[in-house]
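The values are calculated or read from the model by the stated rules, or taken from the named source; none is laboratory data. Just so it is clear, the model here is predicted, and its values are computed rather than measured. Neighbour counts are summed over all protein chains in view; Cβ atoms, including those assigned to glycine, are modelled from backbone coordinates with ideal geometry. What goes into the accessible areas is simple: the full protein's heavy atoms, side chains included, and nothing from ligands, DNA or RNA. Shrake-Rupley method; radii C 1.70, N 1.55, O 1.52, S 1.80 Å.
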Amino acid sequence: QVQLVESGGGLVQPGGSLRLSCAASGIAFSIYAMGWYRQAPGKERELVATITRGGSTNYADSVKGRFTISRDNAKNTVYLQMNSLKPEDTAVYYCNAKFTYVYWGQGTQVTVSS
């Protein structure tokens, strides 16, 4: 059974930082491309960042220079370090694993507010 379990979300003030984690099980993690997506209330889910199995990364323009995606294949975990957070970063953040199939986690809430 494939599971992607996100953690690390919460409430943070503007300008603050959070680190999201996504622990994967039931898949050969190292061969999967991994990604983070987010969905704000009333909006469609959008790509935040992706990382290939080779470690190449891609970011949405809105988070470039502020967010960093990384992976630890030994721990079957992908991370999203989020710095200089803004209120518009408020959303549910989802982890995604893509190879032949695409798997999704259940999401973790990030709220940026003073």
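What to note about this one:
- Summed over segment 78-114, the residues that are of a type in the set (Ser, Thr, Tyr), surrounded by fewer than 13 Cβ atoms within 10 Å (Cβ to Cβ) and within 24 Å of Gly26 (Cα to Cα) give a count of 2.
- When segment 5-23 is filtered for residues that are aliphatic (A, V, I, L, M), open to solvent by 50 Å² or more (accessible area, probe 1.4 Å) and touching a Gly at 6+ places or on another chain (Cβ under 8 Å), only Val5 remains.
- Within segment 1-59, being without any contact (Cβ under 8 Å) to a residue 12 or more places away in the chain and part of a strand (DSSP E or B) holds for Asn58, Tyr59.
- Within segment 64-75, the set of residues being in a loop (DSSP other than H, G, I, E, B) and open to solvent by less than 50 Å² (accessible area, probe 1.4 Å) comprises Arg66 only.
- Test for Ala60: is it within 15 Å of Gly8 (Cα to Cα), of a type in the set (A, V, I, L, M) and open to solvent by less than 60 Å² (accessible area, probe 1.4 Å): no
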